[in-house]
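Scroll down for the structure; my scribbles are underneath it.
The values are calculated or read from the model by the stated rules, or taken from the named source; none is laboratory data. Every value quoted in this text rests on a predicted model; they were computed, and no experiment measured them. Note that each Cβ is placed from the backbone with ideal geometry, even for glycine, and that neighbours are counted across all protein chains shown.
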Amino acid sequence: FTLLPTLIQTKMVNEGKSLSEALLTAKAEGRLTVGVYECAKIMNVDPDRVSFCLLATDDFGCDIALQIHFTLIQAFCFDNDISIVRVNDLKRLNALVGTKGQLEDAHCVLITVRTCSYLTFKCKIATLEKLHLFCEESRSYNEWVPEITLPER
């Protein structure tokens, strides 16, 4: 039985807001990949393009195939230094990343990097940097895939 330090628990609320902002920005810029298979393709072809990974955890309890995919995606993210979090509300995540009136497979969502001008360097995005730091801090407390609660709309 482990308890996250109170500081981390408090930060999780703030990180939910940052995550929502990052998702909306990435969606507007066309930098989101939604769906387990679509995300796996991007990771396989060009892992350097992936900046952040989200796994939605609320309704796959008895879906063994999805659990296996999640395990493989987590391992891939760890091996390729990609920050990864769990989101506890698939419906809320779907509302943020989905197309209006269309149900998306939002069990896995990737945020790809933003490239600046014609150069190939990666732009720093404040909300994503904050989330990367949160993930790094969580790992220092042995919370390898931290869970973030998305705020109510």
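Look at (1) closer than 17 Å to E15 by Cβ; (2) at pLDDT 80 or above; (3) surrounded by fewer than 12 Cβ atoms within 10 Å (Cβ to Cβ); (4) of a type outside the set (D, E) and you find that A126 fails only one, number (2).
Of everything listed in (1) within 15 Å of C108 (Cα to Cα); (2) assigned to a helix (DSSP H, G or I), the single unmet condition for S18 is (1).
Within region 126-153, the residues that satisfy the criterion of being assigned to a loop (DSSP other than H, G, I, E, B), of a type outside the set (V, I, T) and within 11 Å of S83 (Cα to Cα) are W144, P146. Among the residues making up region 28-43, a single one is of a type in the set (K, R) and either in contact with a Phe, Trp or Tyr (Cβ under 9 Å, 6 or more places away or on another chain) or surrounded by fewer than 16 Cβ atoms within 10 Å (Cβ to Cβ) (or both): K41.
Among the residues making up region 1-44, none is over 20 Å from R92 (Cα atoms), at pLDDT below 90 and among the basic types (K, R). Taking the conditions (1) closer than 14 Å to T33 by Cβ; (2) modelled with pLDDT of 85 or more in turn, T99 satisfies each one other than (2). When the residues of region 74-99 are filtered to those that are within 11 Å of the chain's Cα centre (by Cα) and of a type in the set (A, V, I, L, M, F, W, C), the one that is farthest from P146 (Cα to Cα) is L93. Would you pick out the residues in region 26-54 that are closer than 16 Å to L128 by Cα, in contact with a strand residue (DSSP E or B) (Cβ under 7 Å, 6 or more places away or on another chain), not polar (S, T, N, Q) and not in a helix (DSSP H, G or I)? Listed by number, the residues that qualify are R31, L32, V50, F52, C53, L54.
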